[in-house]
1. Assigned by TED's automatic domain parsing to the domain that holds residue 79, closer than 30 Å to residue 327 by Cα and at pLDDT 70 or above: which single residue out of 124, 179, 200, 162 fits that description?
2. Are there any helices (runs of 4 or more DSSP H) wholly within region 172-272 with 2 or more residues that are within 14 Å of residue 329 (Cα to Cα), and if so which?
3. Can you name the residue in region 222-241 that is of a type in the set (A, V, I, L, M) and in contact with a strand residue (DSSP E or B) (Cβ under 7 Å, 6 or more places away or on another chain) and is also nearest to residue 321 (Cα to Cα) among such residues?
4. When you go through 462, 475, 450 one by one, which is the residue that is of a type outside the set (S, T, N, Q), surrounded by 14 or more Cβ atoms within 10 Å (Cβ to Cβ) and within 26 Å of the chain's Cα centre (by Cα)?
5. In region 415-441, what count of residues is obtained for those that are without any contact (Cβ under 8 Å) to a residue 24 or more places away in the chain and either on the phi > 0 side of the Ramachandran plot or not assigned by TED's automatic domain parsing to the domain that holds residue 361 (or both)?
6. Residue check, residue 444 against (1) under 20 Å from residue 357 (Cα atoms); (2) at pLDDT 90 or above; (3) not in a loop (DSSP other than H, G, I, E, B), all met but one. Which one?
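The values are calculated or read from the model by the stated rules, or taken from the named source; none is laboratory data. Not measured: the values here are computed from a predicted model. Positions of Cβ are generated from backbone atoms using ideal geometry, with glycine treated the same way; all protein chains shown enter the neighbour counts.
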Amino acid sequence: MAKKAAKKQQKSIEETLWDSANKLRGSIEPSEYKHVVLGLIFLKFISDKFEDRKEELVAEGQEAYTDMVEFYTMKNVFYLPEESRWSYIKKHAKQPDIAVKIDTALHTIEKNNKALRGALPDNYFSRIGLDASKMAALVDTINNIQTTKDNEQDVVGRVYEYFLSKFALKEGKGKGEFYTPKCIVNLIAEMIEPFKGKIYDPCCGSGGMFVQSMRFVESHQGNQKNISIYGQEATPTTYKLAKMNLAIRGISANLGEVHADSFSKDQHPDLKADYIMANPPFNQKDWRAKDELTDDARWSGYDVPPASNANYGWILHMISKLSENGIAGFILANGALSGSGEEYRIRRKMIENDLVEAIITLPRDMFYTTDISVTLWIINKNKSEHPLALNGLSKDYRSRKGEILFMDLRRRGSEFEKKYIELTSEDIQEIAGNYHNWQQKEWKKTYKDIPEFCYSASLEEIKEKDFSLIPSKYIPFVDQDSGIDFDTEMQRIQSNFSQILSEERDSQQELIEAFKGLGYAVKN
């Protein structure tokens with residue numbers, strides 16, 4: 001009997017699109033792929049939504065209103081004139097001026113829809129000079145995506161997420177700042193639990209923090225209408241990506257009138273956010289001139305952050321944006337845990353003000369753009385009451401005044417793409433669960449310190465270690481084979497060594513005194 005041929009595994013939409021994007025190689029730079037592909041996917045998606053709404057109006061016997069803008073905007077659908085519809089682009093895809101037609105379509109959409117102002121590429125397709133046949137091939141591939149077929153699947157959102165992560169991987173070191181790995185965003189959302197109020201990200205990239213916040217609310221049966229989103233992004237192309245990324249998911253957000261740096265042009269000066277989620281640029285140099293921003297109100301009560309590194313500039317900027325009961329979760333390079341000079345003085349004041357709630361060391365190799373080890377900080381403006389308790393969503397939470405939770409996740413996570421590490425959903429639940437157990441009123445029943453994983457340190461202990469926030473200084477390390485607690489053992493050895501030195505000095509002094517008693521001149 002003839003052997004049946006193995007069934008060929010069908011490629012996913014994402015993989016098919018990625019293959020199509022790779023065919024652009026040689027025509028444009030890889031860093032440009034995302035603007036070409038995501039711009040076209042966006043155009044296809046909003047066109048499909050428009051056509052669905054148009055069919056709905058016809059089915060309801062309201063065909064006379066199919067060209068009235070109001071009947072689309074009332075359903076949160078963008079109205080598209082004929083030259084902006086995907087059907088028009090597809091019909092003219094093989095014409096030599098297809099790039100101009102795509103630019104015209106995007107320009108018209110942006111002009112007619114206030115929510116998209118500043119969001120779409122400006123004459124981008126004409127400027128890159130992409131070969132018309134390659135553009136036509138990409139249009140054909142994207143044409144096969146049924147973007148609105150299954151609302152539960154969020155096909156376009158899934159494609160966006162896939163492409164943003166692949167682009168970040170592809171662009172390598174020094175680039176890809178527009179994307180924070182999904183598992184890290186997930187972890188922050190699960191820890192600070194942004195259910196109700198204002199969410200802010202001062203360096204929002206492509207908007208991943210906001211997308212994941214909304215998913216968190218949905219997955220916990222919350223109401224998206226209870227959330228308001230504010231953000232800012234300095235890079236013009238990334239600012240556009242963020243606006244498109246949120247638009248395709250129907251997420252309303254205030255990202256400022258234009259792309260701008262949060263330090264030099266704060267577009268939300270009076271904002272007081274209930275939640276902040278952020279991944280600022282690591283160890284950003286020359287973020288301000290030496291004499292600039294020295295009297296800025298954001299540093300009130302603290303030293304001016306050093307111009308050589310923006311880490312503490314970001315921290316104080318975010319603290320200044322928190323509401324009276326606000327909570328922030330953000331990522332920083334590990335150097336911020338123990339810096340000297342102004343950084344030391346700022347960190348000490350923050351600890352004395354009891355603002356730091358948790359410090360979590362993440363595994364290495366989680367970021368596509370750097371292999372350095374990074375830390376998740378949780379800052380809480382009101383550690384006597386948890387935001388969920390204040391919002392009436394939980395009576396059990398009560399944040400811990402006078403203590404900081406340290407966690408070390410360097411042994412957590414799983415390998416992917418052969419050289420990167422990601423936290424699994426099980427890892428995230430364990431980590432967030434441990435943090436929330438520590439926050440309980442009856443925390444002694446629900447939480448315990450675990451060697452190599454977590455430790456709850458009092459402010460007195462932190463003071464004894466000169467206000468260092470390095471988790472390994474507090475979390476004991478135990479050798480699995482011998483059962484020896486190396487931190488305790490090292491402290492014992494240091495204590496014994498100090499005692500031996502002290503005894504040696506005493507003996508030496510006695511010998512000197514004896515010689516002096518015999519009339520010898522001895523120098524101390």
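1. Of 124, 179, 200, 162, the one residue that is assigned by TED's automatic domain parsing to the domain that holds residue 79, closer than 30 Å to residue 327 by Cα and at pLDDT 70 or above is 162.
2. By residue number, 182-192, 208-219.
3. 229
4. Step by step, each of 462, 475, 450 is checked, and only 475 is of a type outside the set (S, T, N, Q), surrounded by 14 or more Cβ atoms within 10 Å (Cβ to Cβ) and within 26 Å of the chain's Cα centre (by Cα).
5. Total satisfying the criteria: 1.
6. Evaluating residue 444 over (1) under 20 Å from residue 357 (Cα atoms); (2) at pLDDT 90 or above; (3) not in a loop (DSSP other than H, G, I, E, B) leaves (2) as the failure.
Condition check ((1) surrounded by 17 or more Cβ atoms within 10 Å (Cβ to Cβ); (2) at pLDDT below 95; (3) within 20 Å of the chain's Cα centre (by Cα); (4) not assigned by TED's automatic domain parsing to the domain that holds residue 237) across all residues:
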{"position": "275", "(1), (2), (3), (4)": "yes, no, yes, no"}
{"position": "280", "(1), (2), (3), (4)": "yes, yes, yes, no"}
{"position": "291", "(1), (2), (3), (4)": "no, yes, no, no"}
{"position": "307", "(1), (2), (3), (4)": "yes, yes, no, no"}
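Conditions (1) of a type in the set (D, E, K, R); (2) buried (at least 19 other Cβ atoms within 10 Å of the Cβ); (3) closer than 18 Å to residue 249 by Cα, marked per residue:
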site	(1), (2), (3)
39	no, yes, yes
46	no, yes, yes
64	no, no, no
79	no, yes, yes
82	yes, no, no
